[in-house]
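Engineer: Encoded as structure tokens, here's the structure I'll be asking about.
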Amino acid sequence: MAKTAYAANKTPIRTTRGTEYDAFALVTHRLRTAEARGRPGFADLAQALHANRRLWTMLAADVAEDGNALPPGLRAQIFYLAEFTTQHSRKVLRGDDTAEALVDINTAIMRGLRTSGVAA
């Protein structure tokens, strides 16, 4: 009986990488969609930029922790990208640049998460 009860529940187990991938995919989609709308999409773009900065801020906080298991060089690169994201987002909000660089960075991160064995 227990065997059939567990067999009926085929919900895949989420991995941390899968969750990270989904977060990047969602915010990247929001950035692309809002920017494609042009001026009428500015409010949505501002919200997407904010969500993207929050994501990168969480990553920066995580890699800044002493117990983070990532190699120091990778931690530094992630922290740098978080700083870049904040600065570039300001340029986009001022109308001095586009969100393309942010989309490219997020896409590269998603590619890395996917090829590193995302299982969800």
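Engineer: Filter the GluC sites (Glu not before Pro) in segment 11-120 down to the DSSP loop ones having no more than 16 other Cβ atoms within 10 Å, then list what survives.
Structural biologist: Values: sites: Glu20, Glu35, Glu65, Glu83, Glu100; in loops: Glu65.
Qualifying residues, ordered by number: Glu65.
Engineer: What nm distance separates the two modelled labels at Arg37 and Thr98, each placed 7 Å from Cα along Cα→Cβ?
Structural biologist: Result for the modelled spin labels: 1.8 nm.
Engineer: If you count only protein heavy atoms and use a 1.4 Å probe, how large is the accessible surface of Ile109, to the nearest 10 Å²?
Structural biologist: So the heavy atoms of Ile109 present about 50 Å² to solvent.
Engineer: Whenever you get a sec, line up Arg39, Arg75 from highest to lowest accessible area (probe 1.4 Å, protein heavy atoms). Show your work: numbers first, answer last.
Structural biologist: Values: Arg39 210, Arg75 50 Å².
Sorted by accessible area, descending: Arg39, Arg75.
Engineer: Still on this structure, please answer the following. Would you list Met58, Met110 from the most to the least accessible area, probe 1.4 Å? Intermediate results must be reported in sequence, preceding the final value.
Structural biologist: Values: Met58 120, Met110 25 Å².
Per-residue accessible area, sorted high to low, gives Met58, Met110.
Engineer: Then there's this: Determine the gain in length on full extension of the stretch Ala108-Ala76; use 0.36 nm per residue of separation and subtract their C-alpha separation, reporting nm with one decimal. Let's see the in-between values first.
Structural biologist: Values: separation 32, 0.36 × 32 = 11.52 nm, distance 1.66 nm.
That works out to 9.9 nm of additional length.
Engineer: Past the 17 angstrom mark, what percentage of all C-alpha to C-alpha distances in segment 46-110 do you count?
Structural biologist: That tail contains 39 percent of the Cα-Cα pairs.
Engineer: Identify the residues of segment 39-69 with backbone N under 19 Å of a label point that sits 7 angstrom from the Cα of Arg17 along the Cα-to-Cβ direction, or state none.
Structural biologist: Output list for this probe position: 59, 63, 68-69.
The values are calculated or read from the model by the stated rules, or taken from the named source; none is laboratory data. Since the structure is predicted, the reported quantities are computational estimates derived from the model, not experimental observations. Every residue, glycine among them, receives a Cβ derived from its backbone with ideal geometry; neighbour counts consider all protein chains shown. For accessibility, only protein heavy atoms count, side chains too; no ligands or nucleic acids. Shrake-Rupley method; radii C 1.70, N 1.55, O 1.52, S 1.80 Å.
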